[in-house]
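Following: one structure in structure tokens, then a few remarks.
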Amino acid sequence: MPVTVRDATADDARAIAEVHVASWRWAYRDQLPADYLEALSVSDREAMWAAWFMKPEPRAAVVVACDDDGRPVGFANAGPSRDEGSSPETGELRAIYVLQEVQGTGIGRALLEASLDVLRGADHERATLWVLETNDLGRRFYEKAGWRWDGATSDHQFECANRPIVRYEVDL
């Protein structure tokens, strides 16, 4: 599938929100309560992303992957690590999601590489990410791309539940 990865703009907020909600409903269907996933709101996510674009973080970016019709089918967000006590040289892959229909086509890998380029361009030497401990598909994706679990664990409080997460890292 031909894909273009580019920097996202405020005009992409709605499409990013649609991908965000649809991908969460699919990716987390066996990991978070169904009623919570069904209640996710594209409008709420659109407002969240629109606010991000109104006041973007320094050294952070959102990239989108568009199909050959220009329709966003995935996105990723990367920037400085938000982990307490992390060094300035550490960046973080904060989000990466693609629509179910394009899983396995290389779009996720293209978004991952674009995100790592963002972090390298901001002089980060290492990147981390947090993933649900039970997200086997995501963990295999990261491991195949050279990421490794660094031994760190935590809990993430979703609006509906608390879930264990693990941290992965990669040298840039």
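The table for this structure:
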item: Any hit, the range 34-42, residues being under 24 Å from Leu116 (Cβ atoms) and touching a Lys or Arg at 6+ places or on another chain (Cβ under 9 Å); result: no
item: Filtered residues of the range 106-127 (kept if farther than 22 Å from Trp49 by Cα and crowded, with 18+ Cβ neighbours inside 10 Å); result: His124, Ala127
item: Residues located in the range 19-36, provided they are of a type outside the set (A, V, I, L, M, F, W, C), modelled with pLDDT of 95 or more and within 14 Å of the chain's Cα centre (by Cα); result: His20, Ser23
item: All positions within the range 130-166 that are in contact (Cβ under 8 Å) with a residue 40 or more places away in the chain and closer than 22 Å to Ser115 by Cα; result: Leu132, Asn135, Leu137, Gly138
item: Qualifying positions in the range 1-13 - out of contact with any strand residue (DSSP E or B) (no Cβ under 9 Å at 6 or more places or on another chain) and part of a helix (DSSP H, G or I); result: Ala10, Asp11, Ala13
item: Where a residue in the range 83-94 is under 10 Å from Ser115 (Cα atoms) and its partner, wherever it lies, is among the β-branched types (Val, Ile, Thr), with Cβ under 7 Å and at least six apart; result: Glu92/Thr128
item: Elements of type helices (runs of 4 or more DSSP H) in the range 37-153, at least 3 residues being within 16 Å of the chain's Cα centre (by Cα), charged (D, E, K, R) and over 13 Å from Tyr168 (Cα atoms); result: 107-121
item: Unmet requirement for Leu137, which otherwise passes all of (1) surrounded by fewer than 18 Cβ atoms within 10 Å (Cβ to Cβ); (2) under 19 Å from Thr90 (Cβ atoms); result: (2)
item: Qualifying residue in the range 17-36 (condition: part of a helix (DSSP H, G or I), among the hydroxyl-bearing types (Ser, Thr, Tyr), touching a residue at least 12 places away in the same chain (Cβ under 8 Å) and over 22 Å from Phe141 (Cα atoms)); result: yes
item: Verdict on Glu57 being touching a strand residue (DSSP E or B) at 6+ places or on another chain (Cβ under 8 Å), at pLDDT below 95 and surrounded by fewer than 16 Cβ atoms within 10 Å (Cβ to Cβ); result: yes
item: Single condition Thr90 does not satisfy, out of (1) in contact with a Ser or Thr (Cβ under 8 Å, 6 or more places away or on another chain); (2) closer than 20 Å to Ala27 by Cα; (3) among the β-branched types (Val, Ile, Thr); result: (2)
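Conditions tested, residue by residue: (1) over 22 Å from Ala17 (Cβ atoms); (2) at pLDDT 95 or above; (3) hydroxyl-bearing (Ser, Thr, Tyr).
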site: Leu99; (1), (2), (3): no, yes, no
site: Leu112; (1), (2), (3): no, yes, no
site: His124; (1), (2), (3): yes, yes, no
site: Leu129; (1), (2), (3): no, yes, no
site: Arg139; (1), (2), (3): yes, yes, no
site: Cys160; (1), (2), (3): no, no, no
site: Asp171; (1), (2), (3): yes, yes, no
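The values are calculated or read from the model by the stated rules, or taken from the named source; none is laboratory data. The shown structure was predicted, so the numbers you read here are calculated from the model rather than taken from an experiment. We place every Cβ from the backbone using ideal geometry, glycine too, and count neighbours over all the protein chains shown.
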